[in-house]
Amino acid sequence: MKRRITKEVRIGDRVIGGGNPVLIQSMTNTKTEDVEATVTQIQALTAAGCEIIRCAVPTMEAAAALSEIRKQIELPLVADIHFDYKLAIAAMEHGADKIRINPGNIGDIGRVKAVVDAAKERNIPIRVGVNSGSLEKELVEKYHGVTAEGIVESALDKVKLIEDMGYDNLVVSIKSSDVMMCVKAHELIASQTEHPLHVGITEAGTLISGNIKSSIGLGLILSQGIGDTIRVSLTGNPLEEIKSAKLILRTLGLRKGGIEVVSCPTCGRTKIDLIGLANQVENMVADIPLDIKVAVMGCVVNGPGEAKEADIGIAGGAGEGLLIKHGEICKKVPEEELLTELRKELLNWSEAHG
């Protein structure tokens, strides 16, 4: 895949744009003022594979809390601000590595300039965010509704506003809950700016609907080489966002590493709890650093053939199962030992490959 080359932007000790790997983001759903709860969640997200974290800053107490949070985490810390320009300035004073604002709701040009000047002084990047739900009335009227063209014009207007203030350390975000509108908007803006793009489908929904919409939208956008950092927005535990983002990037070939689990959909031949087993395998392999494919099959009849393209797999039968490597049966083991035997093989494989 040919990636669109954008400007490099440094966020803490991470870099996006310039052909660097697409980085995974999430956002805490704790009260930022609760330092302990926020740090605990960030540490869990870090362990899961999150690479940039964002916290809401709705109050001065939340802005002040960033100082202590910053000391206890490894990830670059982004402050999310709406409406009050003073919160954006305070967030930077208290250690934010990047700020997210919508200049359209920050206030007049003087207030936007105050934020930009504070960012310029510290060389802190600004993510200029525009959502379809906040599109300006005049643009809605111009384009006869909320459109991809309107979203792009709104974003580029705000980018130019900040560039005219002498600052171009920017990341651009244009989001919509309408998947195809979001895709079109990214296709339009990609040829009109060199700033790196933060990509996501906003308000995507719960685990099922949110994952489907995000996978389709991000897949279509990223497959065109567009996008430098992503967030899968889900109504649920932020850890689920990281799992989904990693899988989307791996599926598109934009990320290597981590075991890929494939499993059959079950049928009338299935004689074991394949659904439970597949979920157990997926959880079990999360901490094993191998770049391989593991198959979980529910039938000893077709299992070896279906698992042929996998590096290793298991196929269940009546009270017993098979361990399979590259389509060849290695051994037969009791059903209750399948999981243990698979993990043992994977750990041996990991050790052998360093």
What is the magnitude of the charge dipole of the chain about its Cα centre, with +1 placed on the Cβ of each Lys and Arg, -1 on the Cβ of each Asp and Glu, and no other charges, expressed in debye to the nearest 20? 580
Going by alpha carbons, how many degrees (0 to 90, nearest 10) lie between the helix axis of 274-284 and the longest principal axis of the chain? 60
What's the carbon and sulfur percent of region 169-314's accessible surface, probe 1.4 angstrom, rounded to a whole number? 53
For region 5-145, give the percent of accessible area contributed by carbon and sulfur heavy atoms, probe 1.4 Å, rounded to a whole number. 50
Scattering from the C-alpha atoms of region 133-233 alone, worked out with Debye: what is log10 I(q)/I(0) at q = 0.10, 0.11, 0.21, 0.24 1/Å? -0.27, -0.32, -1.08, -1.28
How large is the Rg to Rh ratio of region 101-151 when both quantities use alpha carbon positions and Rh follows Kirkwood? 1.09
Of all stretches in the chain that avoid trypsin sites (Lys or Arg not before Pro) placed in a DSSP loop and having at most 15 other Cβ atoms within 10 Å, the longest is 3-255
Rounded to the nearest whole Å², what accessible area per residue is found for region 241-347 with the 1.4 Å probe? 51
What one gets for region 1-133 as the Kirkwood radius, inverse of mean 1/r over different Cα pairs in Å, is 15.2
Name the residue farthest towards the positive end of the dipole of region 220-330 from the options Val232, Ile312, Pro265, assuming +1 on Cβ of Lys and Arg, -1 on Cβ of Asp and Glu, about the Cα centre. Val232
Distance between the C-alpha centers of region 1-70 and region 165-209? Whole Å please. 17
What percent of all Cα-Cα pairs in region 305-354 falls into each 10 Å bin, going from 0 up to the bin containing the maximum distance? 27, 54, 18, 1
For region 1-124, size of Cβ-based charge dipole, Lys and Arg +1, Asp and Glu -1, in debye: 720
Using the structure shown, list the pairs from Lys271/Lys325; Lys120/Lys256; Lys2/Lys213; Lys256/Lys332; Lys293/Lys344; Lys213/Lys325 with a Cα-Cα distance above 27 Å, or answer none. Lys120/Lys256; Lys256/Lys332; Lys213/Lys325
Can you give the direction-averaged projected area of the convex hull of the alpha-carbon atoms in region 195-253, in nm²? 3.6
Amide hydrogen neighbours beyond the local backbone of Leu290, cut-off 5 Å, H modeled: Gly258, Ile259
For the chain, whose charge dipole is built from +1 on Lys and Arg Cβ atoms and -1 on Asp and Glu Cβ atoms, the candidate among Val57, Ile288, Thr40 with its Cα farthest towards the positive end is Ile288
Which percentage, to the nearest 5, of the DSSP beta bridges contained in region 212-354 is antiparallel? 60
How fast does the chain diffuse by Stokes-Einstein, in µm²/s, taking the Kirkwood radius from C-alpha pairs at 4 °C and 1.567 mPa s? 59
Per region 120-175, sqrt(5λ) over the Cα gyration tensor eigenvalues, sorted largest first, in Å, gives 25, 11, 7
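Above 26 Å lies some portion of the pair distances; for region 162-309, what is it as a whole percent of all C-alpha pairs?
Distances greater than 26 Å cover 40 percent of the Cα pairs.
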Cα-based Rg / Dmax (Å) for region 249-354: 13.1, 41
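The values are calculated or read from the model by the stated rules, or taken from the named source; none is laboratory data. What you see is a predicted model, and the numbers here were worked out from it, not measured in a lab. Cβ coordinates were reconstructed from backbone atoms using ideal geometry, including for glycine residues, and neighbour counts include every protein chain displayed. In case anyone asks, the SASA skips ligands and DNA or RNA and just uses the protein heavy atoms, side chains included. Shrake-Rupley method; radii C 1.70, N 1.55, O 1.52, S 1.80 Å.
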